[in-house]
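Please read the structure below before turning to the comments.
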Amino acid sequence: MKISADWYEKGLGNALGLLVGALVIGTAFPHLLKNLTRNLPWETLIFATSGLAAFGGALIYFFVPDGPFRKPMSHFEFNGILRVFKDKAFRSAAFGYFGHMWELYSFWAFIPIMLTIYRTYHKSAAFDISLWSFLIIAIGGVGCTVGGKLSLSISSSKVAFYALLISGVCCMLSPFAFYLNSTLFLVFLLIWGLAVVTDSPQFSAVVARTAPQKMKGTALTIVNSIGFAVTIVSLQFLKQMAPLFHDKSIFIWLAVGPVAGCLSILPLIKKGL
């Protein structure tokens, strides 16, 4: 994301939409590999995905130079983390992103479980769990790309807000989705999968725009680090709450993130960021 921000001063939301869209498809890819290699040892999946990751790292190292808008810091600043959070607009973007991250990875992690729960209650459902896990996650790459294009005509904050709003509604409707027939249930999850990550690159774009220009790398790093720490809390929270609630209703707790994120990003919409 820092590399993209160094290459694109204008149209950053679109550039990050393509970047995160690729990330989303990469996240979904192990599910497709599992579907295609179901008769091979599980170690094959680990070696295949690790090899692809190393190949991607090599491509960046050898073929992607520093961008023209890179502004290196003159020296290391120990108070850099505190400095970036002093800006109100930056805080709004950051806390909106944290709300988004509360939902995103927990949703992705529990997709196979959702599909398994559905098949437990609907014995006639015959869909392949690995294949549909791939499709539900991968469609988010389409959402990121489309959201990036939309950010060129409307603000990144608006794209993020409406995507987060849709995914939040899906969270709250999730208990009822398990009563749908299998086709409608899968369509519901595809819509959720499309919306749940469309906001991610737009949040990053706003974070990059609102951070001090010489501290974009610091800002993106700390916001992503805290965001992924939030996912750990969310996953563990869902795990602890699962025995206390019906298995069809546990995913409604994911709505906490979208609600908080939407409220946080509202001031940025008014500023047109």
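Here, each number is a calculation from the coordinates, and none is a lab measurement. Not measured: the values here are computed from a predicted model. Positions of Cβ are backbone-derived with ideal geometry, glycine not excepted, and every protein chain shown enters the neighbour counts.
Percent of alpha carbon pairs in the range 161-273 separated by more than 26 Å?
Percentage above 26 Å: 28.
Tell me which of I111, G141, G11 sits at the most positive position along the dipole axis of the range 1-148, charges placed on C-beta atoms (Lys, Arg +1; Asp, Glu -1).
Positive-most Cα among the choices belongs to I111.
Going through the DSSP H helices of the chain, which span 30 Å or more along their own axis at the Cα atoms while scoring at least -0.5 as a mean Kyte-Doolittle hydropathy?
Qualifying helices, which must be both long enough and hydrophobic enough, are 12-36, 42-63, 88-121, 129-150, 156-177, 216-241.
Pull up the cross-link candidates among the aspartates and glutamates for K86, meaning alpha carbon to alpha carbon under 17 Å and not fewer than 8 places away within one chain.
E77
I want to verify a result. In a Gaussian network model of the chain, Cα cutoff 10 Å, which of these has the top mean-square fluctuation: S157, S225, S249?
S225
Please identify the chymotrypsin sites (Phe, Trp or Tyr not before Pro) of the range 1-108 that satisfy two criteria: DSSP loop assignment and at most 12 other Cβ atoms within 10 Å. Which are they?
Sites meeting the loop and neighbour criteria: F76, F78.
Starting at 0 and stepping by 10 Å, how many percent of the alpha carbon pairs of the chain end up in each bin?
7, 28, 34, 22, 8, 1, 0
Using a Gaussian network model on the chain with a 10 Å cutoff between Cα atoms, which of V259, V24, V233 fluctuates the most?
Answer for the Gaussian network model of the chain: V233.
Neighbour counts of other C-beta atoms within 10 Å: give me V230, V223, V207 arranged from fewest to most.
With the sparsest Cβ surroundings first, the list reads V230, V223, V207.
Give me the extension gain from T183 to L244: residue separation times 0.36 nm, minus the current Cα-Cα distance, reported in nm with one decimal.
Full extension of this stretch gives 19.1 nm more.
Whole angstrom only: what separates the Cα centroid of the range 206-265 from the Cα centroid of the range 122-142?
Here the answer is 24 Å between Cα centres.
With +1 on each Lys and Arg Cβ and -1 on each Asp and Glu Cβ, how big is the dipole of the chain about its Cα centre, in debye rounded to the nearest 20?
For the chain, the charge dipole is close to 580 debye.
Hey, in the GNM for the chain with a 10 angstrom Cα cutoff, which one of R91, R209, R119 fluctuates hardest?
R119
Of all trypsin sites (Lys or Arg not before Pro) in the range 1-67, which ones are in loop regions per DSSP and have a Cβ with at most 16 other Cβ atoms within 10 Å?
The qualifying sites are K10, R38.
Going by how many other beta carbons lie within 10 Å of each one, how would you line up C262, C144, fewest first?
Starting with the residue having the fewest Cβ neighbours, the order is C262, C144.
Taking only DSSP H segments of four or more residues, each worth -39500 (n - 2.57), what value at 222 nm results for the chain once the sum is divided by all its residues, to the nearest 500 deg cm²/dmol?
Helix-only estimate at 222 nm: -25500 deg cm²/dmol.
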